[in-house]
1. Hey, with R₀ at 45 Å, roughly what FRET efficiency would LEU71 and ARG243 work out to, going by the Cβ-Cβ distance, to 0.05?
2. Could you tally the net charge around PHE123, taking each other residue with its Cβ under 10 Å from the Cβ of PHE123, Lys/Arg +1 and Asp/Glu -1?
3. Tally up the carbon and sulfur contribution to the accessible surface of the range 223-264 as a whole percent, 1.4 Å probe, everything protein left in place.
4. ALA257 versus SER108, label points 7 Å from Cα toward the beta carbon: distance in nm?
5. Using each residue's phi in the range 76-89, evaluate 6.51 cos²θ - 1.76 cosθ + 1.60 at θ = phi - 60° and report the 3J(HN,Hα) Karplus result to the nearest Hz, with x for Gly and Pro.
6. Over its Cα atoms, what ratio of radius of gyration to 2.2 N^0.38 Å does the range 166-280 give?
7. Give the relative contact order (percent, whole number) for the range 54-149; include only Cα pairs under 8 Å separated by 6+ residues.
8. How much length is gained if the chain between GLU94 and MET268 is pulled fully straight, taking 0.36 nm per residue apart and subtracting their Cα-Cα distance, in nm to one decimal?
Amino acid sequence: MKVVHSIEELRDQMRGQNRAAFVPTMGNLHEGHMALMRLARQHGDPVVASIFVNRLQFGPNEDFDKYPRTLQDDIEKLQERNDVYVLFAPNEKEMYPEPQNYRVNPPSDLGDILEGEFRPGFFVGVTTVVLKLLSCVQPKVAVFGKKDYQQLMIVRSMCRQFALPTEIIPHETVRDDDGLALSSRNRFLSPTERAQAPHLYRLLNKVRDRVVAGDHDIAGIERDSRNELAAAGWKVDYLALRRRRDLREATCEEVAAGEPLVVLAAAMLGTTRLIDNLEV
Ligand code: AMP
């Protein structure tokens, strides 16, 4: 695997490549990331990964400074698996050389709800960095995890609207045996919190089971679930059952008619914010 830090070196590596498969990450790689690399390998060649902790997508009170940075370990992990041909690991100056940046502003109906409501500016940061990374790598396909469901939808819609030639391929959420979605932030959980954390996924399953069993009272299901999490000591940002196609609320009639849904949640356990979702 070649590790490159500058856009120029990356361009050298990518010259003449028009079938590349790309996996952007913020590093501290876990088995979820590794699964994305494996899927990338099935869809293109060479596989290019990136590691860049993107300051633009962190709010002023968020964990940018304490976000785990483990580049050497990440490189070793990638070398062991041998799925990735080029790793692009730029520094901030390389990605944002000017004091002021152009920004990509996602449409508010998708960008300002759910994660966008609780993390203002988050999706502007995500789309801005993803557009720049796609422009650097120019891949045929890029793989994104469903763990970040809204992000996946926004990146897809950005590629569509800007007519980018990259196809976005989703990967299912990779979980620990107890159901907790793998995340770089899980390492911040204390042992007690780690034991409590799978509650979130169990609750999403409970929501799905209720809908599948014919309960179409969306507001009631959401309220019960939020209360259950709060009673277990979580601070809930949102827990919402939405239409899969646009993340808008579904009417009772739509639910009854079998509209594909997804339940999405974000909640704090102690000082760690966890997000998860489940298609219904
Ligand atoms: P991150 O490094 O957390 O920004 O994530 C980089 C990519 O990995 C994104 O497309 C995420 O959706 C994806 N990802 C992170 N965790 C998981 C997981 N547990 N399962 C599947 N994909 C994931």
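1. 0.70
2. -1
3. Values: 990 of 2130 Å².
The computed percentage sits at 47.
4. Going by the 7 Å Cα→Cβ label model, 2.8 nm.
5. Result, ordered by residue: 4, 4, 5, 5, 4, 7, 6, 8, 9, 9, 10, 10, 9, 10 Hz.
6. Details: Rg = 14.6 Å, N = 115, 2.2 N^0.38 = 13.4 Å.
Relative to the rule-of-thumb radius for its length, the range 166-280 sits at 1.10.
7. Working: 47 pairs, mean separation 41.6, N = 96.
Relative contact order for the range 54-149 comes out at 43 percent.
8. Gain in length upon complete extension: 59.3 nm.
The values are calculated or read from the model by the stated rules, or taken from the named source; none is laboratory data. Bear in mind that the values here come from a model prediction, so they are computed numbers and not experimental data. No Cβ is skipped: glycine too gets one built from the backbone with ideal geometry, and neighbour counts run over all protein chains shown. For the accessible areas, the whole protein counts, side chains as well, though only heavy atoms, and no ligand, DNA or RNA atoms are used. Shrake-Rupley method; radii C 1.70, N 1.55, O 1.52, S 1.80 Å.
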